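What follows draws every value from the coordinates through simple rules; no lab data is involved. These numbers were taken from a predicted model, which means no experiment stands behind them. Quick reminder, even Gly has a Cβ in these numbers, built from the backbone with ideal geometry, and neighbours come from all protein chains shown.
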Amino acid sequence: MAAVIAAPASGSGKTLLSLALLSWARSCNRTIQAFKVGPDYLDPQLLSMASGRPCRNLDLNLCGDAWVKGAFHSYGGPCELSLVEGVMGLFDGIGSSSRGSTAAVAHWLGLPVILVVDAGGQAASLGALVRGFRDHDPQLNLAGVVLNRVSSQRHQDLLADVLDSMGMPLLGCLPRSDLLSLPSRHLGLAPAHELANAKQQCAAWASLAEEHLDMENLAPLLKAPEPGPNPLGDRIANHSGELPVAVASDAAFHFRYAETAELLERNGMPIVGWSPLSDEPIPEQARGLILPGGFPEQHAAQLSSCNRSLRSLRQFVAHRPVYAECGGMLLLGQQLTDLQGHRHAMAGVLPFTAQRGALQVGYRQLQARRESPVLARHQQLVGHEFHRWELTAKRPPSDGSVLWDIEGWNVQRRAEGWGDQTLHASWVHLHWASSSTICCRWRAALEAAATPLPTDS
């Protein structure tokens, strides 16, 4: 029943193997559902493109055991095939533990593991590495190995002998080639919309599977799970009438979980697109605005010149609910420093400037200090932080606008974010399906904000 694509470490080839398998399935006219372990936004974009359907995140830490199992069966069940791409190394979880790791998800769902190993420069040492991963957790079903960056037929034969001597199935060998590398940047892989010739690329990945993978033995490992009920079934609020929500959607803002849009639609809040980069006002019918994460630092100069977009945003924030996280929050600041170190003016709603800083990544325990459009005071949630920009804020200690206190592994408790009855702005990403109250509170905030907006002049 489905397989988990795992590896000893990041950069071993998990995504490449997943893309090859997904593309092969579509080339054979077989439906396949992709899943991604953890709070990733970039890998799922590529997996969605290759599979032809939204990739779903399976995150034990953000969403809990019940959601992960429900989502796996609900989204994977209707398809012929499914696969789960892991995160980081197989046993890597929070801090030095395996909590929420790829192995933990494989255990919870009872799935076999396919281990992708970067075999570049390896010979007999491959046996020690694979044996270590197999024996580290004997309860885990390691179904076979795919080798990546195999340099020649001689190298392949040597490595095959090593695995055969320990009774470990070899399920394929991907060649060493610069043509197989995936473009990346400071936060991971480049987004799917930047991939040139996507159709041709998917065809190339399908050919890679046909030529270099043992699909006769791999395909049975991708069998989809039994179908289950929609995990969003209990996330429906009583409502009457539609309250449209504008969502920033363009090359600068595209970090979103598919479930957010589905929750909004199910609760009478249809999405209308808005592109800040197109220098257009927020759609008139929008009763609320969501500013998701993305790469505004890459587009800072263009955003700064979009006067109609920024003016519309300033007017909207003053009258209607706004939810902004990570990159979306940066649009609300005074200035944003781009990748080259140049400063650019933003909307000027919040009192901070943003510039490159140290990497901040990990799960965060959250306790709300005040209400926001999606939070109740003192509410506790789990979110995720992942960014390389930092804020210089002009906020006095007596300022009551702090959204919440956050802490995590090796992260001291600190105040973070801005919030009031109509604004939620933070570095922290939330998975809206993780709480039964987030979407309900958001709709209530939209219903309460009935004042008309000034016309854009």
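The angle between the Cα long axis of helix 307-317 and the longest principal axis of the Cα atoms of the chain comes to about 80 degrees, rounded to the nearest 10. Compute the helix-to-body angle for 42-51: its Cα long axis versus the longest principal axis of the chain, expressed 0 to 90° and rounded to tens. The angle comes out near 60 degrees. When GluC sites (Glu not before Pro) are flagged only if DSSP places them in a loop and at most 13 other Cβ atoms lie within 10 Å, the longest unflagged stretch of the chain comes out as 1-241. Candidate cross-link partners of LYS69 among the lysines, defined by an alpha-carbon separation under 25 Å and a same-chain spacing of 8 or more, comprise LYS14, LYS36, LYS223. Summed over qualifying helices (DSSP H, 4 residues or more, each -39500 (n - 2.57)) and divided by its residue number, the chain shows a 222 nm mean residue ellipticity of -8500 deg cm²/dmol.
Of all trypsin sites (Lys or Arg not before Pro) in the range 81-141, which ones are in loop regions per DSSP and have a Cβ with at most 11 other Cβ atoms within 10 Å? Answer in residue order: no site qualifies. For the Cα atoms of the chain, what angle does the longest principal axis make with the long axis of helix 60-76, in degrees from 0 to 90, nearest 10? For 60-76 against the chain, the angle is about 70 degrees. Computed about its Cα centre, the charge dipole of the chain is approximately 840 debye, with only Lys, Arg, Asp and Glu carrying charge at their Cβ.
With Cα atoms defining each centre, the range 291-356 and the range 418-444 are spaced 19 Å apart in the structure. Taking Kirkwood radius over Cα pairs in Å as the quantity of interest, determine which of [x] 22.2; [y] 23.2; [z] 26.8 was computed from the displayed structure. Recomputing Kirkwood radius over Cα pairs in Å here gives the entry labelled [y].
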